[in-house]
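J.: For reference, the structure I am asking about is given below.
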Amino acid sequence: MRLICSRLNFLIAFLFAAVVMAAALYLEYVVGLAPCPLCIAQRLCIIGFGLTGLTAAIHNPAILGFRIYTLVALFFVLLGGSFAWRQIWLQTLPPEALPSCLPSLEYMLEVLPFQEILSLFLQGTADCAEVNWTFLTLSLPEWSLLVFIALTLGCLWQLLLTRRPSH
């Protein structure tokens with residue numbers, strides 16, 4: 001048994017992720033906002049969410065597959081939301097409490113183990129605390145968190161709408 005519009009739902013999820021990524025790339029390349037490590041992590045989560053939606057739209061799964069794809073998508077949006085939340089928290093810290101800036105990625109790859117690089121990258125830096133852009137008084141990570149909250153609600157709604165086979 002297939003959900004009537006599961007393919008369409010996943011395609012809409014993919015297209016939404018593509019629009020969010022287009023906006024992020026516009027802000028980077030047209031407006032000139034360089035992404036910090038936490039911004040990049042959030043982008044990767046949006047890409048993971050979008051690719052999950054695209055894969056599910058192509059696959060057009062039955063109920064179990066629908067739930068699995070939705071849970072994978074939910075994982076990406078919760079992870080992305082946690083990165084956005086971390087960045088918002090960093091923006092509230094006084095300057096003396098901020099973590100130091102990271103050396104270049106090339107340097108870290110030469111001298112540090114991958115796990116330590118990943119840990120430093122995901123903790124954020126002082127760069128992550130800068131508020132370089134606002135719209136309607138909200139900073140970019142605040143808008144990002146709102147997007148992740150909306151996507152979380154969408155995933156949960158999808159899980160609740162999944163019909164159970166009648167036996």
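The values are calculated or read from the model by the stated rules, or taken from the named source; none is laboratory data. Treat the numbers as computed from the prediction; the structure is a model and nothing was measured. Because the Cβ atoms are built from the backbone with ideal geometry, glycine has one as well, and the counts that use them run over all protein chains shown.
J.: Looking only at the stretch 130-144, decide whether some residue is more than 27 Å from PHE16 (Cα to Cα) and modelled with pLDDT under 80.
T.: Among the residues of the stretch 130-144, not one is more than 27 Å from PHE16 (Cα to Cα) and modelled with pLDDT under 80, which makes the answer no.
Residue-wise test of (1) modelled with pLDDT of 90 or more; (2) under 12 Å from the mean Cα position of the chain (by Cα); (3) among the β-branched types (Val, Ile, Thr).
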{"site": "CYS5", "(1), (2), (3)": "no, no, no"}
{"site": "ASN9", "(1), (2), (3)": "no, no, no"}
{"site": "PHE14", "(1), (2), (3)": "yes, no, no"}
{"site": "VAL19", "(1), (2), (3)": "yes, no, yes"}
{"site": "VAL30", "(1), (2), (3)": "yes, no, yes"}
{"site": "LEU33", "(1), (2), (3)": "no, no, no"}
{"site": "GLN42", "(1), (2), (3)": "yes, yes, no"}
{"site": "THR52", "(1), (2), (3)": "yes, no, yes"}
{"site": "THR55", "(1), (2), (3)": "yes, no, yes"}
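J.: Since PRO35 meets every condition but one in (1) out of contact with any Pro (no Cβ under 8 Å at 6 or more places or on another chain); (2) free of Cβ contacts under 8 Å to residues at least 40 places away in the same chain; (3) crowded, with 17+ Cβ neighbours inside 10 Å; (4) part of a helix (DSSP H, G or I), which condition does it not meet?
T.: Against the list (1) out of contact with any Pro (no Cβ under 8 Å at 6 or more places or on another chain); (2) free of Cβ contacts under 8 Å to residues at least 40 places away in the same chain; (3) crowded, with 17+ Cβ neighbours inside 10 Å; (4) part of a helix (DSSP H, G or I), PRO35 comes up short only on (4).
J.: What tally of residues in the stretch 12-24 results from selecting those that are more than 17 Å from VAL77 (Cβ to Cβ) and surrounded by 12 or more Cβ atoms within 10 Å (Cβ to Cβ)?
T.: The number of residues fulfilling the criteria is 0.
J.: Looking only at the stretch 133-156, filter to residues that are assigned to a helix (DSSP H, G or I), without any contact (Cβ under 8 Å) to a residue 40 or more places away in the chain and more than 18 Å from LEU38 (Cβ to Cβ); which one of those is nearest to the chain's Cα centre (by Cα)? Don't jump to the end; show me each part of the working.
T.: Residues of the stretch 133-156 that are assigned to a helix (DSSP H, G or I), as a first pass: 140-156.
Going one step further and asking which of them are without any contact (Cβ under 8 Å) to a residue 40 or more places away in the chain, we end up with 143, 146, 150, 153.
If we keep only those that are more than 18 Å from LEU38 (Cβ to Cβ) too, we end up with 150, 153.
Working: ALA150: 12, LEU153: 14 Å.
Ranking the candidates gives ALA150 first.
J.: Say we look at the stretch 1-32 and pick out the residues that are free of Cβ contacts under 8 Å to residues at least 60 places away in the same chain and of a type in the set (Gly, Ala, Ser); which of these is nearest to GLN158 (Cα to Cα)?
T.: ALA17
J.: Does LEU118 satisfy the condition of being exposed (fewer than 15 other Cβ atoms within 10 Å of the Cβ) and in contact (Cβ under 8 Å) with a residue 12 or more places away in the chain? Steps first, answer last, please.
T.: Working: exposed (fewer than 15 other Cβ atoms within 10 Å of the Cβ): yes; in contact (Cβ under 8 Å) with a residue 12 or more places away in the chain: no.
So LEU118 fails the test.
J.: Could you grab me the full set of residues in the stretch 57-90 that are over 24 Å from ALA24 (Cα atoms) and part of a helix (DSSP H, G or I)?
T.: Passing the criteria: ILE58, HIS59, ILE63, LEU64, GLY65, PHE66, ARG67, ILE68, TYR69, LEU71.
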